[in-house]
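A.B. asks: Here you go, one structure.
No lab work stands behind these numbers, since they all come straight from the coordinates. Bear in mind that the values here come from a model prediction, so they are computed numbers and not experimental data. Cβ placement follows ideal geometry from the backbone for every residue including glycine, while neighbour counts extend to all protein chains displayed.
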Amino acid sequence: GSNVDKASFKKLIPVVTYEDVKPDIDRIASGDTSPILCSQPISEFLTSSGTSAGERKLMPTIDEELDRKSHLYSLIMPVMNQFLPNLQNGKGMYFLFVKSESKTPSGLPARPVLTSYYKSRHFARARAANDPYTNYTSPTETILCNDTHQSMYSQLLCGLVLRHEVLRVGAVFASGFIRAIKFFENNWTSLCKDVRNGTVDHRIVTDPVVRLAVSRVLVGPNPGLADFLERECRRDDTGIIPRVWSNCKYIDVIVTGAMSQYIPAIDHYGGGSLPLVCSMYASSECYFGLNLNPLCNPDEVLYTLVPTMAYFEFLPVDRFVEKADHDDDGDCDDDNYGEIKLVDLVDVKLGQEYELVVTTYAGLYRYRVGDVLRVGGFKNKAPQFTFVCRKNVVLSIDSDKTDEVELQTAVTRAAVQHLAPLGASLVEYTSYAETSNVPGHYVLFWEIDNGVMIERSSSTVSESCLAVEEGLNSVYRQGRVWDSSIGPLEIRVVESGTFDAIMDHAVTELGASINQYKTPRCVKRGPIFEMLNSRVVSSHFSPRLPKWAP
Ligand code: AMP
């Protein structure tokens, strides 16, 4: 009920995770329309990139949440205009895509939050009203096109033709932006031909609705622009964005959290001169807040939570203090919060890290989002947060988020399936997100016992790559199969003794205690990564796509 006071709320309502509410969510998904979580009808499910038992989480939502999302979007341009005036006089070239959607047994749509928004009347209304935020070079038809390839080509063609009007470029996440620019680098000859002739290549863009929308943007043959573009594309140089879109003032992509691995690649395309702007922080559960100082450096980004989006509470976490129990891995997977009091938004302390807990209008009560935030400052009295990490996630290339347990299960199964029959076994492993190529891919470093057997059967390790992929969650497999946003998984077999050498390094160089030493399940660029690579015996890739169904 709405009259419950705060103290009773805090006393009576338990703090939950997805697993706790899953039975209720499953009931709604299978057609129970009684007010289980929320007094208002659940209008659809938003499919989160977080997973439960290998499948996407389903987040309930209600119609009025779209108003709240629109409200947050409506704040972004006024904030930007404080720093870069007159953005309303031009357009944004944003690469926006919808993803596949399905229906629950009860007939409610289940789709990603942005797909829901782009298909909403709110988005259509904003575009029709020439709202400056949605003043994109891409016609809505190109955004709603289900075929990523056609969609990307069409959006690029429009962005090229309208290049003088473009004041900002972007995508939601850095990975998507890089893919689009890479696509441009690989397809510029066709694009330039279309610019030259004022046509839309019918071999690439077949959807008649999309063709019509794009042809309205093209205003006839433009050989001058085509000559210019061909010249710029032939130059093998950095800064393709400012060279082609010379009025562009910034690149709008999220590069906080896991996406920070893409900063060098984005800077390459931006020529180092264009600021990277992380404008907002949001999720399928609800939208959270925005960056009030958007031109700051990516590593200084602070998000200000907007208190009308949800009721926010904060679970203090200490990632570096050892727990009394077995939890010695230094991360934040401490579920023993029974004694700990949750803190309100007005009570968070500068410098402290918290796990975000939300109570949403759509029926999630005291729900742990799984993000760890640190208070980095205040705007007047509003706390501002650094995004620290997503709990437990070890690998991420695009919207996939693979946690340590999922990786462990997939690796163990693959080893049992493919190494054990040959009398070999996996001694140790770790992982790395390789993002220097497009698309990025997962790399596993495997130390194999009785490796001689393996060398004789060269397909063993590549089949193991595929077996790992088959064992990873559906978001990963969708990235491989449907979006092609993740490349084939790679296993690099390392010499025996490699992981002992890494332990010695951790103990002598980094002062780790030998009793508590645990092999890191994921490594970043640095000395350990170098040690691994210098001991690689052979490298193998997944030979085929894993199975995936929407
Ligand atoms: P999803 O539910 O699939 O939309 O994913 C939401 C999650 O994406 C959040 O809980 C964060 O972990 C991550 N995320 C969203 N926005 C940002 C951001 N601005 N910076 C870092 N991570 C973000």
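A.B. asks: Name the residue farthest towards the positive end of the dipole of segment 27-115 from the options Gly31, Phe97, Val79, assuming +1 on Cβ of Lys and Arg, -1 on Cβ of Asp and Glu, about the Cα centre.
C.D. replies: The one lying farthest along the dipole's positive direction is Phe97.
A.B. asks: Compute the Rg to Rh ratio over segment 185-283 from the alpha carbon atoms, using the Kirkwood formula for Rh, and round to two decimal places. Please report the intermediate quantities before stating the final value.
C.D. replies: Values: Rg = 16.4 Å, Rh = 15.6 Å.
A ratio of 1.05.
A.B. asks: Okay, moving on. Percent of Cα-Cα pairs per 5 Å bin, from 0 to the last occupied bin, for segment 272-316, please list those.
C.D. replies: Going out from 0 Å in 5 Å bins, segment 272-316 shows 5, 22, 23, 20, 16, 9, 3, 2 percent.
A.B. asks: Turning to a different aspect of this structure: From the cross-link list Lys57/Lys518; Lys99/Lys119; Lys69/Lys391, which pairs have alpha carbons spaced over 19 Å apart?
C.D. replies: On the way: Lys57/Lys518 30 Å; Lys99/Lys119 11 Å; Lys69/Lys391 25 Å.
Check vs 19 Å cut-off fails for Lys57/Lys518; Lys69/Lys391.
A.B. asks: Can you tell me what share of the DSSP beta bridges in segment 43-200 is antiparallel? A percent to the nearest 5 is fine.
C.D. replies: Working: 8 of 16 bridges.
Of the beta bridges lying entirely in segment 43-200, close to 50 percent run antiparallel.
A.B. asks: Something else: Which of the trypsin sites (Lys or Arg not before Pro) found in segment 361-395 are in a DSSP loop and have at most 11 neighbouring Cβ atoms, other than their own, within 10 Å? It would help to have the intermediate numbers written out before the result.
C.D. replies: On the way: sites: Arg366, Arg368, Arg374, Lys379, Lys381, Arg390, Lys391; in loops: Arg366, Lys381, Lys391.
Passing both the DSSP loop test and the Cβ count: Lys381.
A.B. asks: A further question on this structure: Within 10 Å of each candidate Cβ there may be at most 12 other Cβ atoms; applying that plus a DSSP loop requirement, which trypsin sites (Lys or Arg not before Pro) in segment 223-257 survive?
C.D. replies: Working: sites: Arg231, Arg234, Arg235, Arg243, Lys249; in loops: Arg235, Lys249.
When the trypsin sites (Lys or Arg not before Pro) of segment 223-257 are filtered for loop state and at most 12 Cβ neighbours within 10 Å, Arg235 remain.
A.B. asks: To continue, here is another question. Stretch Ser539-Ser457 to full length: gain in nm at 0.36 nm per residue minus the Cα-Cα span? Walk me through the numbers on the way to the answer.
C.D. replies: Working: separation 82, 0.36 × 82 = 29.52 nm, distance 1.35 nm.
Full extension of this stretch gives 28.2 nm more.
A.B. asks: Continuing with the same structure: Per 0.36 nm of contour for each residue apart, how much would the distance between Thr308 and Lys193 grow if the chain were fully extended, relative to their Cα-Cα spacing?
C.D. replies: Net length gain for the segment: 36.5 nm.
A.B. asks: Let me ask you something else. Tell me the label-point distance for the pair Lys11, Cys296, using the 7 Å Cα-to-Cβ offset, in nm and rounded to one decimal.
C.D. replies: Inter-label distance under the simple model: 3.9 nm.
A.B. asks: Estimate the FRET efficiency between Asp347 and Gln516 by the formula 1/(1 + (r/R0)^6), using the beta-carbon distance for r and 45 Å for R0, to the nearest 0.05. The partial results should precede the final answer.
C.D. replies: Values: r = 33 Å, r/R0 = 0.74.
FRET efficiency, Asp347 to Gln516: 0.85.
A.B. asks: OK, next. Say the dipole of the chain comes from +1 at the beta carbon of Lys and Arg and -1 at that of Asp and Glu; which of Ala410, Thr519, Ala362 then lies farthest toward its positive end?
C.D. replies: Ala362
A.B. asks: Separate question: R0 = 41 Å: FRET efficiency of Asn130 with Ser425, Cβ-based, nearest 0.05? If you can, show how the numbers build up before the last one.
C.D. replies: Details: r = 63 Å, r/R0 = 1.55.
With a Förster radius of 41 Å, E is 0.05.
A.B. asks: Sticking with the crude label model, points 7 Å out along Cα→Cβ, report the distance from Trp482 to Leu75 in nm, one decimal please.
C.D. replies: 3.1 nm
A.B. asks: To continue, here is another question. Most exposed first by the Cβ proxy, i.e. fewest other Cβ within 10 Å, how do His202, His418, His268 rank?
C.D. replies: Numbers: His202 8, His418 23, His268 16.
Ranking His202, His418, His268 by Cβ neighbours within 10 Å, fewest first, gives His202, His268, His418.
A.B. asks: Let me see the P(r) profile for segment 394-541: every Cα-Cα distance counted, bins of 10 Å, each bin given as a percent of all pairs.
C.D. replies: All Cα pairs, binned at 10 Å, distribute as 11, 42, 35, 12, 0 percent.
A.B. asks: In 10 Å bins starting at zero, report the fraction of Cα pairs in segment 13-142 per bin as a rounded %.
C.D. replies: 11, 35, 30, 18, 7, 0
A.B. asks: Sticking with this structure for a sec: With only Lys, Arg, Asp and Glu charged, each at its Cβ (+1 for the first two, -1 for the last two), find how big the charge dipole of segment 203-324 is about the Cα centre; round to the nearest 20 debye.
C.D. replies: Values: 10 positive and 14 negative charges, 111 e Å.
My answer is approximately 540 debye.
A.B. asks: For Glu19 paired with Glu55, estimate the spin-label separation in nm (one decimal), with each label point 7 Å from Cα along the Cα-to-Cβ line.
C.D. replies: If labels sit at Glu19 and Glu55, their model points lie 1.7 nm apart.
A.B. asks: Rounded to the nearest angstrom and ordered from largest down, what semi-axes does the equivalent ellipsoid of segment 153-216 get from its C-alpha gyration tensor (root of 5λ)? Write out the running numbers ahead of the final one.
C.D. replies: Numbers: eigenvalues 77, 36, 30 Å².
Those come to 20, 13, 12 Å.
A.B. asks: Where in segment 158-185 does the label zone of Ser273 land, with the point 7 angstrom along Cα→C-beta and an amide N cut-off under 17 Å?
C.D. replies: Flagged as within label range: 164-169.
A.B. asks: At 10 °C and 1.306 mPa s, grab the translational diffusion coefficient of segment 229-308 from Stokes-Einstein with a Kirkwood Rh over Cα pairs, rounded to a whole number in µm² per second. Present the calculation step by step, with values, prior to reporting the outcome.
C.D. replies: Details: Rh = 13.9 Å.
Estimated via Stokes-Einstein, D reaches 114 µm²/s.
A.B. asks: Pairs Lys91/Lys401; Lys10/Lys381; Lys91/Lys193: which exceed 28 Å Cα-Cα?
C.D. replies: Lys91/Lys401
A.B. asks: Can you give the Kirkwood hydrodynamic radius of the chain from its Cα pairs, in Å with one decimal? Could you put the intermediate results ahead of the total?
C.D. replies: Details: mean 1/r = 0.0395 Å⁻¹.
Kirkwood radius, the chain: 25.3 Å.
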